[in-house]
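What follows is one structure encoded as structure tokens, with my remarks underneath.
The values are calculated or read from the model by the stated rules, or taken from the named source; none is laboratory data. Because the structure is a prediction, the values reported are computed rather than measured. Glycine gets a Cβ as well: all are built from the backbone with ideal geometry, and neighbour counts include every protein chain shown.
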Amino acid sequence: MSNVRVRFAPSPTGFFHIGGARTALFNWLYARHTKGTFVLRIEDTDKERDRPEFLQVILDGLRWLGMDWDEGPEKGGNFGPYFQSQRGHIYEEYITKLKESGRAYEKEGALWLKISGEGQVINDAIRGRVERKEEEDFVIVRSNGTPVFHLVNVIDDLTMQITHVIRGEDHLSNTSKHMELFRAFEATPPIYAHIPLILKSDGPGKMSKRDRGALIEEYQQRHFLPEAVRNFLCLLGWSPKEDREILPIEEVISLFDIANVNKNNAHFDEKKMAFINCEYVKHLPLDSFVDKVKPILLSSKVIDENTDKDYIKDVLSICQEKVRGLEDVPHFVGYFFTENYPFDEKAKEKVMKKGNVNERLEEFLAFIEPLNALVESELEPGIKKLAESKNVNTGDYIHAVRLAVSGTNVGPGIYGLIRVLGKTRVQQRIKKFIA
Ligand code: GLU
């Protein structure tokens, strides 16, 4: 256990944005790297907007991404309560201190902080030295009695003994106010680390919650693997020296440091996210791939409760390395489970253009007729020999058979496909196609 204490301090708005998830992740990584404490604090001071289900969106998102917090909601801790809405008595106490020390005064019904008049030097752990000076006193408690964000944020960081404030760069402009407040409380400010913005993949703008891929919920719904999303988030503003992209989280924890977070803005790259997810899907143990895919196939009605379990597993075993993600699987494997599979017109056109398709299919049928089981080790050399004897390319058989039995030109390796479909199905489908 070290004395490092970091926090993620979301305002529950009903969304768990990719930027928020990345901020949470960098805090979590730093806590795990330093064997410190990761605090979750809920900044729920906007009474109009805060609803219990909004909190759940954040808790679910954090749990889904495997970011466990050491103190906070549902967990407790020695520095609670962890909801700003329950910390009113603490704010009162600190407001009194400011009044007593003469650093706060009332004007027009509001409470103001008397600034120090000195410039604040922020030795930002990511951005380096930043100098800012507050020029005017500012309101810390509104005339309706509610304390402002700056005040409660600082009192919480102070009383929760936060050592490092790692947050989005949009808060850099608030930091001189926060340092003024720490000074007013005669306390040492924490170390600040402002992480760069996440820009849209297509253009200079900042990612907003309306952009595709901006919400963690979307990845949950699209069956992305949480480990893959987390891996992707790690790379939004941080990277290991050799620029590798697939990194086990244990390795990121050991390599991660605030000092090597990038100063430059990060770019959200949807293709990279898809690529990383695809890599994780390919490397799942088969059983776990099957377990994750089955409910997706059930809900998309590709299979039902009666579908043969071994057959499902056989199908998935040959498709795993070819699918682009779990959400791709129902479409990818559809024809394995129905005789009413659609024909892709473009694929058909391409194959038919070759000519003599039915002739090839007849020859293929004659070739498999005497075989007992269709296995890769016999199919591959057999088709090669057949092609040689007819003086055509093996591809002519492969493309024609694939189209006839699957309706498409993409799928798992052809020999595995034929083996898993089995002789009867293959024969029936080809005959139907010819007819
Ligand atoms: N509630 C603030 C936010 O969501 C937290 C700011 C901070 O981390 O200090 O932006």
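Among Gly102, Gly36, Gly88, which is on the phi > 0 side of the Ramachandran plot and out of contact with any helix residue (DSSP H, G or I) (no Cβ under 6 Å at 6 or more places or on another chain)? Walk me through it before giving the result.
Details: Gly36 fails: on the phi > 0 side of the Ramachandran plot; Gly88 fails: on the phi > 0 side of the Ramachandran plot.
None of the others qualify; the one that does is Gly102.
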Handout entry: Yes/no for Phe224 being at pLDDT 95 or above, surrounded by 21 or more Cβ atoms within 10 Å (Cβ to Cβ), part of a loop (DSSP other than H, G, I, E, B) and hydrophobic (A, V, I, L, M, F, W, C)
Key = yes
Problem - Residues within the range 266-287 that are in a helix (DSSP H, G or I), within 28 Å of Tyr341 (Cβ to Cβ) and within 19 Å of the chain's Cα centre (by Cα), tallied - result: 5
Practice task
Among the numbered conditions (1) within 16 Å of the ligand (Cβ to nearest atom); (2) surrounded by fewer than 18 Cβ atoms within 10 Å (Cβ to Cβ); (3) in a strand (DSSP E or B), tell me where Arg167 comes up short.
Solution key: (2)
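Being farther than 28 Å from Glu245 by Cα and touching a Ser or Thr at 6+ places or on another chain (Cβ under 6 Å) is the requirement here; does Tyr335 meet it?
Values: farther than 28 Å from Glu245 by Cα: yes; touching a Ser or Thr at 6+ places or on another chain (Cβ under 6 Å): yes.
The answer is yes for Tyr335.
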Handout entry: Lone qualifier among Asp60, Asp68, Asp44 - being out of contact with any Gly (no Cβ under 9 Å at 6 or more places or on another chain) and within 14 Å of the ligand (Cβ to nearest atom)
Key = Asp44
Exercise for the section: Residue by residue through the range 1-35, note down the ones that are of a type in the set (A, V, I, L, M, F, W, C), surrounded by fewer than 20 Cβ atoms within 10 Å (Cβ to Cβ) and closer than 26 Å to Gly213 by Cβ. Expected result: Phe15
Handout entry: Check on Gly237, on the phi > 0 side of the Ramachandran plot and more than 14 Å from the ligand (Cβ to nearest atom)
Key = yes
Fill in the blank from the handout: Residue count, the range 186-212, condition more than 25 Å from the chain's Cα centre (by Cα) and not acidic (Asp, Glu), comes to 6
Practice task
Take the residues in the range 121-163 that are over 15 Å from Thr45 (Cβ atoms), of a type in the set (A, V, I, L, M, F, W, C) and not in a helix (DSSP H, G or I), then tell me which one is farthest from the chain's Cα centre (by Cα).
Solution key: Phe138
Fill in the blank from the handout: Considering the range 170-220, residues that are at pLDDT 95 or above and part of a loop (DSSP other than H, G, I, E, B), and then whichever is nearest to the ligand (Cβ to nearest atom), we arrive at Pro190
Exercise for the section: Could you look through the range 1-17, keep only residues that are outside any loop (DSSP other than H, G, I, E, B) and modelled with pLDDT of 95 or more, and pick out the one that is farthest from the chain's Cα centre (by Cα)? Expected result: Arg5
Practice task
Look at Asp287 and say whether it is without any contact (Cβ under 8 Å) to a residue 24 or more places away in the chain and either of a type in the set (Asp, Glu) or in contact with a His (Cβ under 6 Å, 6 or more places away or on another chain) (or both).
Solution key: yes
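Going by the conditions given, is Asp243 closer than 29 Å to Gly128 by Cα and without any contact (Cβ under 8 Å) to a residue 40 or more places away in the chain?
Yes.
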Exercise for the section: Taking the residues in the range 139-157 that are in contact (Cβ under 8 Å) with a residue 60 or more places away in the chain and of a type in the set (A, V, I, L, M) as candidates, determine which candidate is nearest to the ligand (Cβ to nearest atom). Expected result: Val152
Fill in the blank from the handout: Taking the range 1-26 and keeping only residues that are among the aliphatic types (A, V, I, L, M) and either touching an Asp or Glu at 6+ places or on another chain (Cβ under 9 Å) or away from the ligand (no atom under 11 Å from the Cβ) (or both), one is left with Met1, Val4, Ala9, Ile18, Ala21, Leu25
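If you take the residues of the range 288-339 that are of a type in the set (S, T, N, Q), closer than 24 Å to Glu218 by Cα and part of a loop (DSSP other than H, G, I, E, B), which of them is nearest to the chain's Cα centre (by Cα)? Talk me through it step by step, then tell me what you get.
Here is the first cut: in the range 288-339, the ones of a type in the set (S, T, N, Q) are 288, 299-300, 306-307, 317, 320, 338.
From the residues that got through so far, the ones that are closer than 24 Å to Glu218 by Cα too are 288, 299-300, 320.
Narrowing the set further to residues that are part of a loop (DSSP other than H, G, I, E, B) leaves 300, 320.
Working: Ser300: 23, Gln320: 20 Å.
Within the range 288-339, the match that is nearest to the chain's Cα centre (by Cα) is Gln320.
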